[in-house]
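Undergrad: Quick one: structure below, then a few questions.
The values are calculated or read from the model by the stated rules, or taken from the named source; none is laboratory data. As the structure is a prediction and not an experimental result, all values here were calculated from the model. A quick note on method: Cβ atoms are made from the backbone with ideal geometry, for glycine too, and the neighbour counts reach across all protein chains shown.
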Amino acid sequence: IAYFLLSHIKGFWGINIATYVANLCLIGVPSVAARAGIMAPALKSIMDSIGNPKESNVSRILAYNFINSSHAFLSNMVLTGGVVNVLMLAFYSEMSGGHTLTWVQWLIIMFVPTLIYCAIASAGAVIFNPPEPELVAKLRDSAAAKASYAALPPMSLDEWKVVGLFLLTIFLWVIGGA
C-alpha cells in the first residue's frame, strides 16, 4: 500500500490526504489501535523513502497527521469509534424524547464537521512547523518507491480472498445497524 501511495500520489499534501483516504478505506476496522497498526508500516515506508529524518518538521507533521487521521478523524466520524460518541448519542436520545440515530446516520451527520476539523488541524500543523523544502522535494519524486511498487508481484488468490472477506465484513458491519 505504501509503495502504491508513494508512486501515485505526489507531494507532501498528497501523502497527507492519502493518509486520511487510507483510513477512510479502513472504516470497517472499528478499533483505533487496529487501524494504527495497519497504517504504521505505510508511514514507516514513507519516512524511509526520504531518509527517515526523525528530527525534521516533515516527520513531525506526517506523524501528527497519521495520528490525527487514525484517531480523531474516524473516531469522531464513526459512531462506534469512541465512548464519547455513544455518550453523545445517549444524550441526544434523552433530549429528543427517545429518538436515536443509526450508525449510517451518525456517519452522515459527522462527516462534514470531521473533515473541517481535519483540514484545520493539518493546515495548523504546517503553519506552526513549516516542512523542509528538500524533504518535500524527496516526497514529490520517490524513484525508489516507484521501482519497489513496479517490482511487486500480482496479488495471489489467497490475498484476493482476504480482500473479499474484509469487504464482506465491512458491508455486514455497516448494514447491521440499518
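Undergrad: Just a yes or no: is a residue in segment 124-131 modelled with pLDDT under 85, surrounded by fewer than 14 Cβ atoms within 10 Å (Cβ to Cβ), over 18 Å from Ile15 (Cβ atoms) and aromatic (Phe, Trp, Tyr)?
TA: Yes, some residue in segment 124-131 is modelled with pLDDT under 85, surrounded by fewer than 14 Cβ atoms within 10 Å (Cβ to Cβ), over 18 Å from Ile15 (Cβ atoms) and aromatic (Phe, Trp, Tyr).
Undergrad: Let me ask you something else. If you take just the helices (runs of 4 or more DSSP H) that sit entirely in segment 1-87, which of them hold at least 3 residues that are over 26 Å from Leu165 (Cα atoms) and modelled with pLDDT of 70 or more?
TA: Of the helices (runs of 4 or more DSSP H) lying wholly inside segment 1-87, those with at least 3 residues that are over 26 Å from Leu165 (Cα atoms) and modelled with pLDDT of 70 or more span 11-25, 32-49, 57-67.
Undergrad: Then there is this: Among the residues of segment 91-122, write down those that are surrounded by 11 or more Cβ atoms within 10 Å (Cβ to Cβ) and over 23 Å from Asn16 (Cβ atoms).
TA: Tyr92, Ser93, Thr100, Leu101, Thr102, Trp103, Val104, Gln105, Trp106, Ile108, Ile109
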